[in-house]
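See structure below.
The values are calculated or read from the model by the stated rules, or taken from the named source; none is laboratory data. Treat the numbers as computed from the prediction; the structure is a model and nothing was measured. Every residue, glycine among them, receives a Cβ derived from its backbone with ideal geometry; neighbour counts consider all protein chains shown.
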Amino acid sequence: MRDAPPDVPAPGSVLVGLVLDRTSRTPLHRQLAEQLRHAIECGRLTPGTVLSSEPTMAQETGLSRITVRHAIRSLTEQGFLVRRRGIGTHVAHGRPPHTVDLATVHEDLREAGRAPAAEILSCETAPASPEAAAALGLPAGSEITVLERLQYTDDGVCIGRLRNHLPHDVLPPEALDHSGGRLAAVGLYGLMQAAGILVCTSRHTIGARVATAEECALLGVSEGSVLLTLTRTMVDQTDRPVEYADHSYPPARRGFEFRIGGGKPPMATG
């Protein structure tokens with residue numbers, strides 16, 4: 001059953017053309033955010049347009065205030081909307097935010113001499129760990145694609161263990177075609193881009209922890225060594241998480257560089 005838009009929306013109402021599918025597996029807050037974003041990108045909601053208040057929008061859409069708030073917060077974080085005290089929420093001025101260019105991530109790493117080679121340890125369908133399931137918004141144990149690799153420098157030094165977790169319908173193991181060399185040629189993110197995955201935002205967390213026994217053996221570090229960790233969640237244009245990465249690196253062999261400015265969102269080259 002679909003919620004039909006009102007027959008006579010108010011002038012400038014965000015409900016023009018809005019259709020929510022309550023039977024869809026896509027959460028309602030994502031449906032609302034995606035349709036508002038589309039209205040902004042196609043010009044139906046012009047820069048400076050003030051949106052209805054959250055209570056009013058909830059009443060207009062038949063959604064809860066929490067659902068509406070989630071959608072508005074997502075678009076605000078992406079830069080499509082701006083919240084101003086005393087004014088309300090309005091469409092941001094200027095160009096829409098840039099998307100993350102997935103193909104250039106792989107090229108940036110190669111140009112920096114940090115990812116010239118990778119050994120694939122496994123590429124398979126597996127149950128999602130609690131951490132991966134939470135990051136991808138899936139039930140624990142859901143079948144996902146898990147790619148695990150070791151990363152090397154030009155001179156053969158292992159600098160990190162890479163684990164990428166993707167929803168099975170985004171890229172199944174066979175789509176990675178690692179035996180045919182496409183994964184090595186264009187990288188994981190190049191394959192995602194070729195599959196039509198448009199990543200708009202990414203969230204990175206850097207930490208440190210003691211290496212596990214398995215990591216000591218794989219990375220050639222001694223027991224009790226501390227590793228740098230990078231976890232990352234990438235979100236597409238529909239506000240859906242499409243990749244969760246869990247990487248670990250010996251700090252003496254790998255650092256992190258973040259770029260801010262130059263028309264691109266902050267990105268960790270790792």
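Out of all the residues in segment 163-200, which are charged (D, E, K, R) and either at pLDDT below 80 or not in a helix (DSSP H, G or I) (or both)?
Matches in segment 163-200: Arg163, Asp169, Asp177, Arg182.
Based on this model, can you work out whether Leu75 counts as crowded, with 21+ Cβ neighbours inside 10 Å, part of a helix (DSSP H, G or I), free of Cβ contacts under 8 Å to residues at least 60 places away in the same chain and not polar (S, T, N, Q)?
In short, yes.
Can you tell me which residue among Val199, Val146 is closer than 19 Å to Tyr249 by Cα, within 20 Å of the chain's Cα centre (by Cα) and either of a type in the set (Phe, Trp, Tyr) or surrounded by 14 or more Cβ atoms within 10 Å (Cβ to Cβ) (or both)?
Just a single option satisfies the conditions, and that option is Val146.
Over 27 Å from Pro27 (Cα atoms), in contact with a helix residue (DSSP H, G or I) (Cβ under 8 Å, 6 or more places away or on another chain) and without any contact (Cβ under 8 Å) to a residue 60 or more places away in the chain - does that describe any residue in segment 163-171?
No, segment 163-171 contains no residue that is over 27 Å from Pro27 (Cα atoms), in contact with a helix residue (DSSP H, G or I) (Cβ under 8 Å, 6 or more places away or on another chain) and without any contact (Cβ under 8 Å) to a residue 60 or more places away in the chain.
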